[in-house]
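Participant: Mind having a look at this structure? Questions to follow.
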Amino acid sequence: MAEGPTTRERPWPVSVLSAKLKEYLDRLGTVWIEGEITQWGVSAGNVYGKLKDLETDATVSFTIWSSTRAKLTEQFKAGDHAVALVKPNWWVKGGSLTMQVFDLRHVGLGDLLERLERLRAQLAAEGLFAADRKRPLPFLPRVIGLVTARDSDAEKDVVRNARLRWPAVEFRMAYAAVQGDRCAPEVAGAIRRLDVDPEVDVIIVARGGGDFQNLLGFSDERVVRAAAAASTPVVSAIGHEADRPLLDEVADLRASTPTDAAKRVVPDVAEELIRVEQARARLRMRVTTLVNHEIDRLGHLRSRPALADPGWMIDRRAEEVTRWVARGSELAERAIERAAVRTAELRSQLRALSPLATLQRGYAIVQREHDGVLTDPGQAPEGTALRITLAEGRLAATSRGALGDAE
């Protein structure tokens, strides 16, 4: 057998690689693996099948020889959840890998319940089930997001009952597998898609009844965490009243059935119309009572003497008003007389100080035609045009110059 590192000039034969793979896998020994049987075929007493991982897209082929199959105490079929004791078997000649099964068992209900309880305790410790995290549902959702299987009874129940109660309600569907290995990733993805839709007001996750294992997808951690992370209120409507998947614990509302979810999410239009009419009747009664009370109150006020004959208030004040009017007239006349006397005095003083009074005594004011008053003969040489103001008018004159003392 060739040894040492390979090169382009010194490659390994295919048989060497195949032998080394078989040698390595043989050292692995037997291991227990868990998954879902997706293929189960019998040929000549031997079983040839496939086992798929429960969470990721990984599958291995397995073989159960007839001698081993005869020792199995349980019957198996495709879709079963099982654990198997296997040993990797590399077929050198054909270059294929298969798992030789030495033991095969169903995953028991006790094992599933134990795992479920551990997950429940972990999520509860994180506070995902706390009551203060639960949000109230909208009174009247415009659009309901519905996660369910296409054309399922759960879908029909929710849609029919919701529209019977409120015909205008709309739905945004997000179809997903509701059992099997595709259930958990598809339901979680559907919740996330509806949560980011701004028109969706509430999300209902619905599935009809089923056995415990068929409902396991709704206890899957991925589904529970998707519902807990959603900002849109989530309603869990899985199975029947007795079914309690973990989604029920984290949802904002747990409905016993899909029909119950429709009734609790959407109000009944007939009941709401009755409530509106009752409220209107109560409002009319209250308003009528208030108006009647105020009418009675006004009647009592109008029956009082002060309002029954309001003229007495005017009569009582009429004499007083007359007296004050006369007093006002008298005071006004006195004020006018005093003002007239004062005005006459001021007029006399003004006249005494006025230049007009001086002019009336025979004096005159001499001015140059375009200048001020003359106070000196030298200001008006011969030929200067003059203007003379008298008490009763003005004269135009021409200066002949200053007069001598003899003149």
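Participant: Identify the single condition in (1) closer than 24 Å to Arg264 by Cα; (2) at pLDDT below 90 that Asp211 does not satisfy, given that it satisfies every other one.
Facilitator: Here Asp211 meets the rest and fails (1).
Participant: For Ala168, which of the numbered conditions (1) more than 27 Å from Ala270 (Cβ to Cβ); (2) of a type in the set (Gly, Ala, Ser); (3) surrounded by fewer than 17 Cβ atoms within 10 Å (Cβ to Cβ) fails to hold?
Facilitator: Checking Ala168 against (1) more than 27 Å from Ala270 (Cβ to Cβ); (2) of a type in the set (Gly, Ala, Ser); (3) surrounded by fewer than 17 Cβ atoms within 10 Å (Cβ to Cβ), the one that fails is (1).
Participant: Further, regarding this structure: Tell me, please, whether a residue that is part of a loop (DSSP other than H, G, I, E, B), within 29 Å of the chain's Cα centre (by Cα) and either under 22 Å from Gln122 (Cα atoms) or in contact (Cβ under 8 Å) with a residue 60 or more places away in the chain (or both) can be found in the stretch 236-245.
Facilitator: For the stretch 236-245, residues part of a loop (DSSP other than H, G, I, E, B), within 29 Å of the chain's Cα centre (by Cα) and either under 22 Å from Gln122 (Cα atoms) or in contact (Cβ under 8 Å) with a residue 60 or more places away in the chain (or both): absent.
Participant: So, His293, is that one modelled with pLDDT under 85 and not basic (Lys, Arg) or not?
Facilitator: Spelling it out, it is not the case that His293 is modelled with pLDDT under 85 and not basic (Lys, Arg).
Participant: Kindly indicate the residue of the stretch 273-311 that is of a type in the set (D, E, K, R) and open to solvent by less than 100 Å² (accessible area, probe 1.4 Å) and also nearest to the chain's Cα centre (by Cα) among those meeting that condition.
Facilitator: The selected residue is Glu277.
Participant: If you go through the stretch 141-150 one residue at a time, do you hit one that is of a type in the set (S, T, N, Q), in a strand (DSSP E or B) and either farther than 30 Å from Leu21 by Cβ or free of Cβ contacts under 8 Å to residues at least 40 places away in the same chain (or both)?
Facilitator: Yes, because at least one residue in the stretch 141-150 is of a type in the set (S, T, N, Q), in a strand (DSSP E or B) and either farther than 30 Å from Leu21 by Cβ or free of Cβ contacts under 8 Å to residues at least 40 places away in the same chain (or both).
Participant: If you don't mind, there's one more thing I want to ask. Restricting attention to the stretch 184-201, which residues are open to solvent by less than 40 Å² (accessible area, probe 1.4 Å) and among the acidic types (Asp, Glu)?
Facilitator: Answer for the stretch 184-201, where residues must be open to solvent by less than 40 Å² (accessible area, probe 1.4 Å) and among the acidic types (Asp, Glu): Asp195, Asp197, Asp201.
Participant: Which residues, taken from the stretch 20-64, are touching a residue at least 12 places away in the same chain (Cβ under 8 Å), open to solvent by less than 70 Å² (accessible area, probe 1.4 Å), within 29 Å of Glu221 (Cα to Cα) and outside any strand (DSSP E or B)?
Facilitator: Scanning the stretch 20-64 gives Asp53, Leu54.
Participant: If we scan the stretch 91-103, do we find a residue that is out of contact with any helix residue (DSSP H, G or I) (no Cβ under 9 Å at 6 or more places or on another chain) and open to solvent by 80 Å² or more (accessible area, probe 1.4 Å)?
Facilitator: The answer is no; no qualifying residue exists.
Participant: Can I ask one more? Quick check on this structure: which one of Ala270, Ala340, Ala364 is closer than 30 Å to Arg160 by Cβ and open to solvent by less than 80 Å² (accessible area, probe 1.4 Å)?
Facilitator: Ala270
Participant: Do you know which residues across the stretch 224-267 are over 20 Å from Val196 (Cβ atoms), among the aliphatic types (A, V, I, L, M) and open to solvent by 10 Å² or more (accessible area, probe 1.4 Å)?
Facilitator: Answer for the stretch 224-267, where residues must be over 20 Å from Val196 (Cβ atoms), among the aliphatic types (A, V, I, L, M) and open to solvent by 10 Å² or more (accessible area, probe 1.4 Å): Ala242, Leu253.
Participant: Could you count how many residues in the stretch 248-283 are of a type in the set (Lys, Arg) and under 10 Å from Val235 (Cβ atoms)?
Facilitator: Final tally of qualifying residues: 2.
The values are calculated or read from the model by the stated rules, or taken from the named source; none is laboratory data. Values in this document were obtained by computation on a predicted structure and should not be read as measured data. Every residue, glycine as well, gets a Cβ built from its backbone with ideal geometry; the counts of neighbours run over all protein chains shown. Note: accessible area is taken over every heavy atom of the protein model, side chains too, but ligands, DNA and RNA are not part of it. Shrake-Rupley method; radii C 1.70, N 1.55, O 1.52, S 1.80 Å.
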